[in-house]
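Here's a structure for you.
The values are calculated or read from the model by the stated rules, or taken from the named source; none is laboratory data. The structure presented is a predicted model; accordingly, all values stated were derived computationally and were not measured. Cβ placement follows ideal geometry from the backbone for every residue including glycine, while neighbour counts extend to all protein chains displayed. Just so you know, the surface numbers come from the protein's heavy atoms only, side chains and all, with ligands and any DNA or RNA stripped out. Shrake-Rupley method; radii C 1.70, N 1.55, O 1.52, S 1.80 Å.
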Amino acid sequence: MKRILTFAALVLCTSIAFSQQVASRAKAMRMMNFSRPEYQIKDIKVYADTMTVYSLSSQIIYPFGQWDSIEYFMTDNQLHWYRESDYRRYLDSMEVSVNRIKRLDDSYLDLFYSIWTRKVELLGGRINDSEVVLSNGLHVGMSKDDVFKVFFKKYPKSYTADVQVLKVISGANEVAEIYTFKGQKLRHIKIETAYKYY
């Protein structure tokens, strides 16, 4: 009798997990229909409280726009940044000059000037300050609904109700923008990269 009950419980748990996975995939496929064409969204995955969006848009790689120098970036946005420079080892044998620009609230961006693209490239960062605005208008303190409206024309509100983390990843998986919500507000933005830096 115990074996039958154990087997029945195992079958029930497996079928519930499978149905949740199917429901998440169906939700993701439906969200694809609502995506904005300028972001060229190619896939969406939903797992627990995280929605991952794969985009081919250059805005994901350059969330603050394209800049010819770090100085232009720092002076153009009218914000006061503190700058630190150092060298970091990449590809085992190469030293790369990296600039960390910071705000008083611990917001920071790690930047370097690429000799290949001749542009300022973003290595990573964390934004806590609502005054720091991405080129698509996103900033800390926005409502969850307004953040999703940047990437989607419309969508059922129930599809994003449980989402607490929105990851927007570049097509080649080199750059990830991670939007973390607390309640219905955007709490902070994190940027991670996996570049081969030079």
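I'd like to verify a number: residues in the range 28-55 that are out of contact with any helix residue (DSSP H, G or I) (no Cβ under 8 Å at 6 or more places or on another chain) and aliphatic (A, V, I, L, M), how many?
Qualifying residue count, the range 28-55: 4.
Looking at the range 41-62 only, could you name the residues that are open to solvent by less than 30 Å² (accessible area, probe 1.4 Å), outside any strand (DSSP E or B) and among the small types (Gly, Ala, Ser)?
The one that is open to solvent by less than 30 Å² (accessible area, probe 1.4 Å), outside any strand (DSSP E or B) and among the small types (Gly, Ala, Ser): Ser57.
Still on this structure, please answer the following. Within the range 166-197, can you find the residues that are in a loop (DSSP other than H, G, I, E, B), in contact with a strand residue (DSSP E or B) (Cβ under 6 Å, 6 or more places away or on another chain) and of a type in the set (Phe, Trp, Tyr)?
The answer is Tyr197, and nothing else.
Any idea which of Arg100, Arg83, Arg126 is under 20 Å from Glu192 (Cα atoms), touching a His at 6+ places or on another chain (Cβ under 7 Å) and among the basic types (Lys, Arg)?
Arg126
Which residues, counting only those in the range 63-79, are surrounded by fewer than 18 Cβ atoms within 10 Å (Cβ to Cβ) and not polar (S, T, N, Q)?
The answer is Gly65, Asp68, Glu71, Tyr72, Asp76, Leu79.
Return the residue satisfying two criteria in turn: it lies in the range 96-125 and is in contact with a Gly (Cβ under 8 Å, 6 or more places away or on another chain) and in a strand (DSSP E or B), and of such residues it is farthest from Trp81 (Cα to Cα).
Asp110
Of all residues in the range 111-125, which are touching a residue at least 12 places away in the same chain (Cβ under 8 Å) and either surrounded by fewer than 19 Cβ atoms within 10 Å (Cβ to Cβ) or aromatic (Phe, Trp, Tyr) (or both)?
Phe112, Tyr113, Ser114, Ile115, Trp116, Arg118, Lys119, Gly124
Just a yes or no: is a residue in the range 87-100 among the aliphatic types (A, V, I, L, M) and at pLDDT 85 or above?
no
Sticking with this structure for a sec: As an exercise: evaluate Val163 against (1) part of a loop (DSSP other than H, G, I, E, B); (2) surrounded by fewer than 19 Cβ atoms within 10 Å (Cβ to Cβ); (3) at pLDDT 95 or above and give the number of the one condition it does not meet.
Condition (3) is where Val163 drops out.
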